[in-house]
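Only one structure is covered here, and it is reproduced in the block below.
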Amino acid sequence: MRWTGRVAAAFGAAAVAAALMVGTAGPAAASGSAGRVLGSGGGGRASEVRASEVRASEGGPALREPGAALRDSVVCDGDLGGGASDPVLLIPGTTLDPDVNFDWNYEPALRARHQAYCAVRLPGHAMADIQTAAEYVVNALRVMQRRAQRPVRIVGFSQGGMIGRWALKYWPDTRSIVGELIGIDPSNHGTLDAVPLCALACAPAFWQQRTGSAFLTALNDGPETYPGISYTQIYSYTDEVVVPNLPPAASSSLHTGEGDIANIAVQQICPGHLADHLSMGSIDPVGYALVIDALTHDGPARAARIDRSVCTRALMPGVDPAALPANEARYSGQVGTVAATYPPVFAEPALRPYARD
């Protein structure tokens, strides 16, 4: 049996449903351990980030989050300024932290390619106000650019694939930092699933990812992309979380602005390919092939460049089959637990003044 056919059973439909349909009561889950920003030198030696690096306003609104929290949210691996390719910023999805999302798939795969990367931890497991979470992304981009002195490429899953666009829109200096934005099932235009979920109360990030939310209306008002930046939006027709993700108006897709855009469904490469939301963000070999194609070429990914032998593979590189059951349980377990226990709010967070102007 193909792995993609087994993934729904392995992750459990209940965990996916919990991510969108529970989350209406209970205390907040623990925030998890904080990371450190590593210097651009090799060997994994930590380097302190000066307060001025995380507090200075460099275009756009001043960052309101505490400097220590911003500093501790970023963990890096490899020589950011060395190597043949630009460093990558990994951004996790809603309910997730970067270790649970990436340390068993994309991180080992990138290390095997000698690709330097950082990962940013968003507050409240990416369940809090996305406007607050965006400050962590802005800070991570600025710190990486200072260390690397070269462009940064974003790879984000779900909310993590969308939030970079908020940073680019409202902190204009980041447009000269980001060379590429790669979204895996990004919630660029929200999800209809969150409409009934938030009928009474839900987590702030669920409110903001509802189709038609004030947050998404502000995000998509005007150009969706910016010149000089490549945008690869990778999605699955069988995504049950970001809904609808079908042509001609897939939620993940982008269409306006002067960026170089590619919207590619994994089924365009492998017709009949089954890939749900959680598998796309963790093990899907077709999605991974598109990410690597984008990272290794100028401009966005191109479906025509992908070797169709990927359609016969069960897992993306970096995933250890022996450790897979334990990692699946950790991954889907955090999704369900955080969704079920994060405190709900009764209205969408108000737009910040900078987004209302």
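Structural remarks
- Ordered by the number of other Cβ atoms lying within 10 Å of each residue's own Cβ, fewest first, 305, 147 fall into the sequence 305, 147.
- Spin-label pair residue 329-residue 249: with each label point 7 Å from Cα along the Cα-Cβ axis, the two points sit 4.4 nm from one another.
- Across the range 96-134, the residues whose backbone nitrogen lies under 14 Å from the label position 7 Å along the beta-carbon direction of residue 69 are 121-134.
- Gain on full extension, evaluated as 0.36 nm per residue between residue 260 and residue 199 minus their Cα-Cα distance, stands at 18.2 nm.
- Most tightly packed first, judged by the mean number of other beta-carbon atoms within 10 Å of their residues, the peptides 198-207, 92-101 read 92-101, 198-207.
- Each peptide in 265-272, 69-76 receives the mean, over its residues, of other Cβ atoms within 10 Å, and ordering these scores from highest gives 69-76, 265-272.
- The label-point distance for residue 111 and residue 302, in a model that sets each label 7 Å from Cα toward Cβ, rounds to 3.3 nm.
- Mean-position separation - Cα centroids, the range 60-110 and the range 260-308, in angstrom: 21 Å
- Separation of the residue 176 and residue 356 label points, Cα + 7 Å toward Cβ, nm: 3.1 nm
- Per-residue packing, averaged as other Cβ atoms within 10 Å, sorts the ranges 79-86, 171-178 into the order 171-178, 79-86, beginning with the highest.
Values in this text are rule-based calculations from the coordinates and carry no lab data. Worth saying up front: this structure is predicted, and the values here are computed from it rather than measured. Here the Cβ is made from the backbone with ideal geometry for all residues, glycine too, and neighbour counts use every protein chain on show.
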